[in-house]
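Below is one structure, written out as structure tokens; comments come after it.
The values are calculated or read from the model by the stated rules, or taken from the named source; none is laboratory data. It should be emphasised that the depicted structure is a prediction, and the values quoted were computed from it without experimental measurement. Cβ coordinates were reconstructed from backbone atoms using ideal geometry, including for glycine residues, and neighbour counts include every protein chain displayed.
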Amino acid sequence: MENSRTYTYYPGCSLQATAHAYDESMQAVNKQLGLTFNEIDDWNCCGATEYFSVDALPAYSLVARNLSLAVQSNGSQDLVAPCSACFLNLRKTNDYMSKYKDLNSQVNQALAAGGLSYEAGALNVRHLLDVVIEDVGLEQIKTKVTKPLSGIKVAPYYGCLIVRPETGYNTEYPTHLDELMVTLGADVVDFPMKTHCCGGHMTQISEETAYELIRRLLQNASDYGADAIVTLCPMCQLNLDAYQNEVNRMFGTNFHIPVLFFTQLMGIAFGLSENALGLGSEIIPAGPALAKIGTVDEQKTRERPKRRDKKALPMPSMDSGGNE
Amino acid sequence: MSEEEKIGVYICHCGHNIAGTVDVEGVAEWAKSLPNVTVSKDYKFMCSSLGQELIEEDIAEQGLSRVVVAACSPHMHEPTFRGACSRAGLNPYLFEMANIREHASWVHQDDGEAATEKAKSIVSGAVSRARELEPLEPFRAPIDETTLVVGGGIAGINTALEIANAGYKVILVEREPSIGGHMAQFDKTFPTLDCSACILTPKMFDVGNHPNIELMTYSEVEQVDGYVGNFTVRIRKKARMIDVDLCTGCGDCWERCPAKVVDTVYEAGLGYRTAVYRPFPQAVPKYPVIDTESCIYFKNGRCRACEKFCPTDAIKFDQEDEIIVTSVGNIVLATGYDLFDSRRLPQYGYGRLANVFTSLEFERMTNASGPTDGKVLLRDGVTEPKSVAILHCIGSRDKNTNDYCSAICCMAALKFAHLVKEKTDAEVYNFYIDMRTAPKDYETFYNRLMQEGTHFIRGRAAEVTDAARKPEEVGKLIVQAEDTLIGKQRRIPVDMVILMAGMQPRHDSQEVSHRFGIGCSDAGFFNESHPKLDPIATMNAGIFIAGVCQGPKDIPASVSQGAAAASRVLSLIGKGEVEIEPVRAHIDEDRCSGCRICNNLCPYNAIDFLEDLAVSRVNPALCKGCGTCVAACPSQVIDGQHYTFNSIMSQIEGLLWDVRPNGEEKVTFQKTEPV
């Protein structure tokens, strides 16, 4: 492969369990994009979303152990995590150890007990989506698309974790996943709740709270006519998919919105088989939504813009929007 | 020669500013040990009349031939002390200033010892340099009595009128087809709610008809050369495609024009205009322009409707840009501001959610001559809102966009709240961080709005969505914010949202600042000469600034600054001539090889090549003494007056007084006993 790129890789627990479809589709897509991921030996849990609020120092130390092992692997300085919680915890620990001397020395003291150490800032922790968009690039991705996703309306769901560290993307209203989906040929709907919370582990503590948060997201995606929700976080995928029927029961709603990983949709657009992408393991079947691919394309291109209502005021043009 | 110089050194306490950190008595005592120093004293305030008299007395009694004052920046008080030397009969260019405030005490406040050592080095450098100074005479040049004012908003209009009314010529250059600026877009002005057009248009009319004002609209300044009193400017008058000598402004052309486009300038995107257009009825001048980008004839060669219907044959499709080169004595920049682009904050929905409006759109909406004839309506153009949220600080006080306060938005938001209440039955919610209503009578207006029943919620809005959670939110825009006064999250469903977008420097303000040779801040606002005592002049003599191009401000402040700039220009004109610093480059023509390297490097085009003699020569009127050619000359035959090779090398040697080559021991200061 002409543009082969190698990364140090932290899979996290989800990708080996509930989100194995994320893992499978990522591996399949990586082959297409020429990305090689070298998994860290003997990695441990990142602490997920809870441990930091229970006991901060062990939580940081737990994460720093992974950073230390990643450096020992002597691979790329870019450490990739596909899970948003892992990404946030690794990046935060790396960043805070650089910023706060006390934390740095305490964590290193803890690491020393296991014969390890970590020089803060030695690694650059990145999310899989960032690697795909920044390093591979949308143009390169476009050349791989053999089956454009035209006809399917997707709601890009970022979740609340990926937007927390400063990464250069818009943290209030990110659009990079939207752009990737457009590149794949999908119809992207506006999804104002794109960074709202999915409930996280509240499903285990307070169903009512969690299900209401999930309901809001499903309602919003459905209001905008989304056929599917596309996400980049195993937690988000699990909550919206696995608890959708529970939500329907609790609120008397009737949502059937499949929740897919962006790598699965990339794989489909690249013409890979559904088997290779872990499709079929989702609880809300993606079949009906995926069947729409390639159906309404022609009609859409022929659609003429509606004539302007004489009284209506013009909408602002979005052509020059964004950065000046 | 220099061995015979008698140098006086004066160390200023500047109250606690310097003396609080630097051991001023110690430095003064130490300076006595420097070669040629005859007198060395410290004093509480050297800039006071007593401090200056101290210098004058010592020159007279001790026969000082050089004076060094170690105090603040030469920007502040170099002229003061040069004046003192002059009065005592010493050539003012034999004075040298050492900056031990900005360069030592202020930046090393936590380390007095280091600051004191640094102050000694600075003083030592200044003394060494003073030894090499030569007497110079300033140039005198007459002042051209014509003034260029750039920008025809309220600040520029006021500047132009003040100068013109005093009897002097003004050239007023405006980029848009009409003068008036942002103020012409407003309906009401805060806090008095008087009609913006009613107070502005008489002034616009005066500008258009003033015998002393030459108005150039649809024009831009492309190049500026020269120096205070004697600038040469190159102005591009863009082709209007209209013969203004024939045009009567009747309007037949734009009434017949079939090309309609959204007017993103005057109507702020809320209304339409034709390809041939006059921005608004009271425009000055009254002549339209053809926007060639949207004109059908310029796109595909057909149409010419305006030409057919023009009763005076004033449409000229073949008109070309005109270049005017003229000389002016002073320049006032009043180039105004751009509105912050709310699309940069998509979480507030502008451009995505139809009923989110910007502040400028709302100004147009409430304007009786605007797209809705002054009615407050939703984007559909028919429905009146029953509730309106006004979001403060959009693109202001936010480190992600602009970290400064835009100064006017709180008051404008109050004005909007009042207008909504006046024109509709809607409930109004203001989401603010702090209410900033400082100037005269503004707080009264705030109190009035609270009496009127506007809701104030202290908390920057987090987002605006149409994602309903409850039945009463369906079909509404929901504003989510943390109400920091009650410590709770609030969701308020409304029909309309107004974003109080902040003021930004013009998108090309950096470029303009380079063109006029003035500085601008990181944000892009033009730098004033002094933030408190001279917010009108710039570091480039003869170039003044007024209005929002210098920083966010409201109409009264812009008007005041415009008048102040006019007064500064008039006092220069009144003097008749300017003294110009004799800090110039000089080429030793006998040794010049004629390589011409300096010719192209000179940023002021001040170096001519004399073909007959095959040497380069500096035009002292254009030279600003920047030293670029001095450094670049491969034959080292260019000398900068007042910054000669010798004076700079001596200053460096002086600065390094305690360093010896070959690792010899550092020379430590031995305090001499007072006599």
Subject >> Single condition B:Pro346 does not satisfy, out of (1) within 13 Å of another protein chain (Cβ to nearest Cβ); (2) touching a Phe, Trp or Tyr at 6+ places or on another chain (Cβ under 8 Å); (3) touching a residue at least 40 places away in the same chain (Cβ under 8 Å) >> reply: (3)
Original post:
Looking at the stretch B:125-181, which of its residues are surrounded by 24 or more Cβ atoms within 10 Å (Cβ to Cβ), small (Gly, Ala, Ser) and within 30 Å of B:Asn36 (Cβ to Cβ)?
Top reply: B:Ala126, B:Ser128, B:Ala130
Subject >> Matching option when the condition is of a type outside the set (A, V, I, L, M), buried (at least 23 other Cβ atoms within 10 Å of the Cβ) and either at pLDDT 95 or above or within 25 Å of B:Gly180 (Cα to Cα) (or both), among B:Glu363, B:Glu384 >> reply: B:Glu363
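With B:Ile296, B:Ile331, B:Ile324 as the choices, which residue is touching a residue at least 24 places away in the same chain (Cβ under 8 Å), among the β-branched types (Val, Ile, Thr) and surrounded by 24 or more Cβ atoms within 10 Å (Cβ to Cβ)?
Criteria check complete, one pass: B:Ile331.
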Subject >> Exclusive hit being surrounded by 18 or more Cβ atoms within 10 Å (Cβ to Cβ) and of a type in the set (Lys, Arg), set B:Arg584, B:Arg591 >> reply: B:Arg584
Original post:
Could you list, in sequence order, the residues of the stretch A:130-158 that are surrounded by 24 or more Cβ atoms within 10 Å (Cβ to Cβ) and not small (Gly, Ala, Ser)?
Top reply: A:Val132, A:Leu149, A:Ile152, A:Val154, A:Pro156, A:Tyr157, A:Tyr158
**OP:** Go through the stretch B:552-572 residue by residue and tally those that are crowded, with 20+ Cβ neighbours inside 10 Å and either more than 30 Å from B:Cys195 (Cβ to Cβ) or not assigned by TED's automatic domain parsing to the domain that holds B:Lys532 (or both).
**Re:** 2
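If only one of B:Arg87, B:Arg129, B:Arg82, B:Arg101 is more than 22 Å from B:Thr644 (Cα to Cα), in contact with a strand residue (DSSP E or B) (Cβ under 7 Å, 6 or more places away or on another chain) and outside the structural domain of B:Leu572 (by TED's automatic domain parsing), which one is it?
B:Arg101
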Subject >> Qualifying positions in the stretch B:362-380 - of a type in the set (Asp, Glu) and facing chain A (nearest Cβ under 8 Å) >> reply: B:Asp380
Subject >> Subset of the stretch B:438-481 that is among the hydroxyl-bearing types (Ser, Thr, Tyr) and more than 23 Å from B:Phe357 (Cα to Cα) - its residue that is nearest to the other protein chains (Cβ to nearest Cβ) >> reply: B:Tyr442
Original post:
Mind checking whether some residue in the stretch B:268-278 is crowded, with 16+ Cβ neighbours inside 10 Å, closer than 30 Å to A:Thr175 by Cβ, of a type in the set (A, V, I, L, M) and not assigned by TED's automatic domain parsing to the domain that holds B:Gly153?
Top reply: yes
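Among residues belonging to the stretch B:416-437 that are of a type outside the set (Phe, Trp, Tyr) and within 31 Å of the chain's Cα centre (by Cα), point out the one that is farthest from the other protein chains (Cβ to nearest Cβ).
Step by step, filter the stretch B:416-437, then rank; the result is B:Thr437.
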Subject >> Candidate set from the stretch A:189-217 (those that are closer than 22 Å to B:Tyr348 by Cα and touching a Leu at 6+ places or on another chain (Cβ under 7 Å)); member that is farthest from the other protein chains (Cβ to nearest Cβ) >> reply: A:Cys198
**OP:** Please tell me if B:Pro135 is under 30 Å from B:His418 (Cα atoms) and in a loop (DSSP other than H, G, I, E, B).
**Re:** no
Original post:
Pick from the stretch B:381-396 the residues that are in contact (Cβ under 8 Å) with a residue 40 or more places away in the chain and assigned to a loop (DSSP other than H, G, I, E, B): which of them is farthest from the other protein chains (Cβ to nearest Cβ)?
Top reply: B:Lys386
**OP:** Scan the stretch A:182-233 for residues that are within 22 Å of A:Leu15 (Cβ to Cβ), in contact (Cβ under 8 Å) with a residue 40 or more places away in the chain and surrounded by fewer than 24 Cβ atoms within 10 Å (Cβ to Cβ) and report the count.
**Re:** 3
Subject >> Failed criterion for A:Asn239 (all others in (1) within 12 Å of another protein chain (Cβ to nearest Cβ); (2) part of a helix (DSSP H, G or I); (3) not β-branched (Val, Ile, Thr) hold) >> reply: (1)
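From the list B:Ala84, B:Ala31, B:Ala60, B:Ala88, which residue is crowded, with 19+ Cβ neighbours inside 10 Å, among the hydrophobic types (A, V, I, L, M, F, W, C) and either at pLDDT below 95 or within 29 Å of B:Glu579 (Cα to Cα) (or both)?
Within the list B:Ala84, B:Ala31, B:Ala60, B:Ala88, the selection yields B:Ala84.
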Subject >> Residue match in the stretch B:402-413 (condition: more than 25 Å from the chain's Cα centre (by Cα), closer than 19 Å to B:Thr358 by Cβ and either away from every other protein chain (no Cβ under 14 Å) or at pLDDT below 95 (or both)) >> reply: yes
Original post:
Is it true that B:Thr326 is under 31 Å from the mean Cα position of the chain (by Cα), away from chain A (no Cβ under 14 Å), modelled with pLDDT of 95 or more and over 26 Å from A:Ala312 (Cβ atoms)?
Top reply: yes
**OP:** Return only the number of the condition from (1) out of contact with any Phe, Trp or Tyr (no Cβ under 9 Å at 6 or more places or on another chain); (2) on the phi > 0 side of the Ramachandran plot that A:Asp41 does not satisfy.
**Re:** (2)
Subject >> Check on B:Leu339, within 30 Å of A:Tyr224 (Cα to Cα) and touching a residue at least 24 places away in the same chain (Cβ under 8 Å) >> reply: no
**OP:** Please work out if A:Leu161 is assigned to a loop (DSSP other than H, G, I, E, B), buried (at least 24 other Cβ atoms within 10 Å of the Cβ) and either within 14 Å of chain B (Cβ to nearest Cβ) or under 15 Å from the mean Cα position of the chain (by Cα) (or both).
**Re:** yes
Original post:
Looking at (1) on the phi > 0 side of the Ramachandran plot; (2) crowded, with 23+ Cβ neighbours inside 10 Å, which is the one condition that is false for B:Cys410?
Top reply: (1)
Original post:
Mind checking whether some residue in the stretch B:405-414 is outside any helix (DSSP H, G or I), within 13 Å of B:Val494 (Cα to Cα) and in contact with a Pro (Cβ under 9 Å, 6 or more places away or on another chain)?
Top reply: no
Original post:
For the stretch B:29-73, what are the residues that are closer than 19 Å to B:Leu133 by Cβ and either among the acidic types (Asp, Glu) or outside the structural domain of B:Arg131 (by TED's automatic domain parsing) (or both)?
Top reply: B:Glu56, B:Asp58
Original post:
How about the stretch B:482-500: which of its residues are farther than 21 Å from B:Ala426 by Cβ and within 14 Å of chain A (Cβ to nearest Cβ)?
Top reply: B:Gln489
